[in-house]
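Quick notes on the structure that follows.
The values are calculated or read from the model by the stated rules, or taken from the named source; none is laboratory data. None of the values given here were measured: they were computed from a predicted structure. Here the Cβ positions follow ideal geometry from the backbone for every residue, glycine too, while neighbour counts run over all protein chains shown. Remember, those area values only see protein heavy atoms, side chains included, never the ligands or the DNA or RNA. Shrake-Rupley method; radii C 1.70, N 1.55, O 1.52, S 1.80 Å.
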Amino acid sequence: MERTLIIVKPDAVQRGLIGEIVARFERRGLRIVGMKFMQIDRQLASRHYAEHEGKGFYESLLAYITSAPSVVMVLEAPNAIELARRTIGATKPIDSPPGSIRGDLGVEVGRNLVHGSDSAESAAREIDLFFAPEELVNWSRDVDRWVFE
Ligand code: IDP
Ligand code: MG
């Protein structure tokens, strides 16, 4: 079992797409183990996006991610990180195939709707950044045996 951190970003929340985006992960079969509605502050945003500090888009990225509330989730499945990244699409919506979240709903890279961890190390770091251990729920679904082998 693997866990990944997903953020439904401020543009998606403002556009009324929380349900649409959560539903895509839910329908695919990923299990939700944590979820909260929050406005990310600058300090948390700068820790989350530390790898991008110094890049040209860094300041606009922080302004974007802190501009309105987000929904932050931890999802679980075998290969959850790669599954979620493929459901999300490429970083640029124009490079994202139809069927992916960014390919169906997005136009510009700076309004690309959703974040997903890109590696096991990032996932562990990001989950720890956004969730206290007691905020994550260890549970199994009745349907799990029809989704997971
Ligand atoms: P990812 O979200 O697909 O993992 P990253 O390269 O980690 O993409 O970049 C983090 C976020 O920074 C992107 O999702 C996007 O919101 C923003 N971003 C990345 N590259 C650009 C850019 O060239 N211009 C504006 N924003 C960018
Ligand atoms: Mg990234």
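The table for this structure:
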| read-out | value |
| --- | --- |
| Subset tally (residues that are closer than 28 Å to P98 by Cα and either open to solvent by 100 Å² or more (accessible area, probe 1.4 Å) or among the hydrophobic types (A, V, I, L, M, F, W, C) (or both)) for the range 15-51 | 15 |
| Residue identified as under 17 Å from K9 (Cα atoms), outside any helix (DSSP H, G or I), of a type in the set (S, T, Y) and within 15 Å of the chain's Cα centre (by Cα) among T91, T87 | T91 |
| Residue within the range 41-51 that is of a type in the set (D, E), farther than 19 Å from L105 by Cβ and modelled with pLDDT of 95 or more present | yes |
| Single unsatisfied condition, G34 versus (1) in a strand (DSSP E or B); (2) touching a Gly at 6+ places or on another chain (Cβ under 6 Å); (3) of a type outside the set (A, V, I, L, M, F, W, C) | (2) |
| Pick from the range 1-14, criterion part of a helix (DSSP H, G or I) and open to solvent by less than 50 Å² (accessible area, probe 1.4 Å), ranking: farthest from N138 (Cα to Cα) | D11 |
| In the range 97-149, the residues that are of a type in the set (D, E) and open to solvent by 40 Å² or more (accessible area, probe 1.4 Å) | D104, E108, D118, E121, D128, E134, E135, D142, E149 |
| Where a residue in the range 82-111 is farther than 23 Å from M1 by Cα and more than 12 Å from ligand 1 (Cβ to nearest atom) and its partner, wherever it lies, is among the charged types (D, E, K, R) and part of a helix (DSSP H, G or I), with Cβ under 8 Å and at least six apart | P98/D104; L105/E20 |
